[in-house]
Amino acid sequence: MDQQLVAAVRRFNRTVTQRVGALDDEYMARGRPLAQARLLWEIGPGGAEVAALRVRLGLDSGYLSRLLRTLESDGLVTVGPADQAGDQRVRTVALTAAGRTEWAELDQRSDELAWSILAPLTGSRRDRLVAAMAEVERLLVASMVVIEPCPPGDPRARACVRAYARDVARRFDDGFDPALSNPVHDEELTPPAGVFLLATLNAEPVGCGAVKLHPDAPAEIKRVWVSDTVRGLGLGRRLLGELERYAAERGWTAVRLDTNRNLTEAIAMYRSAGYREVEPYNTEPYAHHWFAKDLAPATG
């Protein structure tokens, strides 16, 4: 990694933490640090499940419990089971009357802090700053996506494949019936025969892809899908690269795939990633294009 890039990120982080008051013991002069204020705002007037808060904010369970105990002792929240007659393990947190008052005050002061950042700038510079913030936010979200191998029978993997089927059914000329497509069996996507990769953002599935490692034939990429919520973040290209790397590390020197003519964005991505169109290598009824790519030998 280029050390100049690392230094630039660290410099940006220092500037942001100072400008938004993250170092203050009393964030926005409300008598509590940023972590407590952020958690209170995230709970919101509608309340939330504790487990969802932990995932959404990326907090350790113990640290989250300590933050909640502090807010509870201050009389701002109540924590209890979601359903007295149901699963006692599912806990929810809700704002008290004092908590709702504090939340409204924090919300107002957050607006004032944002305005204090924009106010010293001219109109054009405000536009530049907001546009740059939006781009930084998108790139930060992209960097938060985690791609890991996942058993194809995992409920999250199943959910992604169903979402993939719904997406292509809307776009294919005659819809999409998985029963008519060439089958992809779980055992073909389980090491060492292949792998299913799951992409998650804050532990929620947002994309997937798979590769079958055919003996004595090129590896075959299947089921590349990206949720609408993260489209445009380069996740499809990243999944494709991870699948290629997986195959190359296991000795495969080429990879191929098929696709439908209506998936124009996918076709453009494959071509920009170095894939070349080839003659049909299977009888997939929904395919109009077949692509192949030579893989560089894995290093390291």
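The values are calculated or read from the model by the stated rules, or taken from the named source; none is laboratory data. Keep in mind that this is a model prediction, so the values were computed, not measured. In this analysis, Cβ positions are derived from the backbone assuming ideal geometry, glycine residues included, and neighbour counts consider all displayed protein chains. Note: areas computed on protein heavy atoms with side chains; ligands, DNA, RNA excluded. Shrake-Rupley method; radii C 1.70, N 1.55, O 1.52, S 1.80 Å.
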Taking region 185-206 and keeping residues more than 15 Å from ARG162 (Cβ to Cβ), touching a helix residue (DSSP H, G or I) at 6+ places or on another chain (Cβ under 9 Å) and at pLDDT 95 or above leaves LEU189, ALA193, GLY194, VAL195, LEU197, ALA199, THR200
Inspect all residues belonging to region 61-72 and state whether any of them is over 26 Å from the mean Cα position of the chain (by Cα) and modelled with pLDDT under 90. no
If you take the residues in region 256-271 that are hydroxyl-bearing (Ser, Thr, Tyr) and in contact (Cβ under 8 Å) with a residue 12 or more places away in the chain, which one is nearest to ASP167 (Cα to Cα)? THR259
Any residue at all in region 156-175 that's surrounded by 12 or more Cβ atoms within 10 Å (Cβ to Cβ) and of a type in the set (Phe, Trp, Tyr)? yes
Applying the selection to region 169-206, what residues are without any contact (Cβ under 8 Å) to a residue 24 or more places away in the chain, out of contact with any strand residue (DSSP E or B) (no Cβ under 9 Å at 6 or more places or on another chain) and either part of a loop (DSSP other than H, G, I, E, B) or outside the structural domain of TRP252 (by the TED database) (or both)? ASP174, GLY175, ASP177, PRO178, ALA179, PRO183, HIS185
Residue check for ALA131: under 30 Å from LEU68 (Cα atoms) and either assigned by the TED database to the domain that holds GLY44 or hydrophobic (A, V, I, L, M, F, W, C) (or both): no
Single unsatisfied condition, ILE147 versus (1) surrounded by 15 or more Cβ atoms within 10 Å (Cβ to Cβ); (2) within 28 Å of PRO33 (Cα to Cα): (2)
Number of the exception - ALA131 against (1) among the hydrophobic types (A, V, I, L, M, F, W, C); (2) within 30 Å of VAL16 (Cβ to Cβ); (3) part of a strand (DSSP E or B): (3)
Output the residues belonging to region 207-252 that are under 19 Å from VAL145 (Cβ atoms), part of a helix (DSSP H, G or I), open to solvent by less than 20 Å² (accessible area, probe 1.4 Å) and modelled with pLDDT of 95 or more. LEU235, GLY236, LEU239, LEU240, LEU243
List pairs: first residue in region 1-26 and assigned by the TED database to the domain that holds LEU113, second residue open to solvent by 60 Å² or more (accessible area, probe 1.4 Å) anywhere in the structure, Cβ distance under 7 angstrom, at least six positions apart or on different chains. THR17/LEU23
Pairs where the first residue, in region 31-43, is farther than 18 Å from THR78 by Cα and not assigned by the TED database to the domain that holds GLN108 and the second is of a type in the set (Val, Ile, Thr) and surrounded by fewer than 21 Cβ atoms within 10 Å (Cβ to Cβ), C-beta under 7 Å, 6+ apart: none
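Output the residues belonging to region 277-300 that are surrounded by 14 or more Cβ atoms within 10 Å (Cβ to Cβ) and either free of Cβ contacts under 8 Å to residues at least 24 places away in the same chain or in contact with a Pro (Cβ under 6 Å, 6 or more places away or on another chain) (or both).
Going through region 277-300, the residues surrounded by 14 or more Cβ atoms within 10 Å (Cβ to Cβ) turn out to be 278, 281, 284, 286-293, 295, 298.
Once the filter is applied, which keeps residues that are surrounded by 14 or more Cβ atoms within 10 Å (Cβ to Cβ) and either free of Cβ contacts under 8 Å to residues at least 24 places away in the same chain or in contact with a Pro (Cβ under 6 Å, 6 or more places away or on another chain) (or both), region 277-300 yields VAL278, TRP290.
Yes/no per residue for (1) open to solvent by 30 Å² or more (accessible area, probe 1.4 Å); (2) within 26 Å of VAL145 (Cα to Cα):
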{"position": "THR15", "(1), (2)": "yes, yes"}
{"position": "VAL20", "(1), (2)": "yes, yes"}
{"position": "GLU26", "(1), (2)": "yes, no"}
{"position": "LEU40", "(1), (2)": "no, yes"}
{"position": "LEU59", "(1), (2)": "yes, yes"}
{"position": "SER65", "(1), (2)": "yes, yes"}
{"position": "SER73", "(1), (2)": "yes, no"}
Select, from GLU102, GLU112, the only residue that is open to solvent by 50 Å² or more (accessible area, probe 1.4 Å) and part of a helix (DSSP H, G or I). GLU112
Which of the residues belonging to region 80-99 are loosely packed, with under 15 Cβ neighbours inside 10 Å and within 23 Å of ARG30 (Cβ to Cβ)? ALA97, ALA98
Count of region 182-197 residues which are surrounded by 15 or more Cβ atoms within 10 Å (Cβ to Cβ) and within 19 Å of ASN262 (Cβ to Cβ): 0
So which residues in region 134-162 are without any contact (Cβ under 8 Å) to a residue 40 or more places away in the chain and not in a helix (DSSP H, G or I)? GLY153
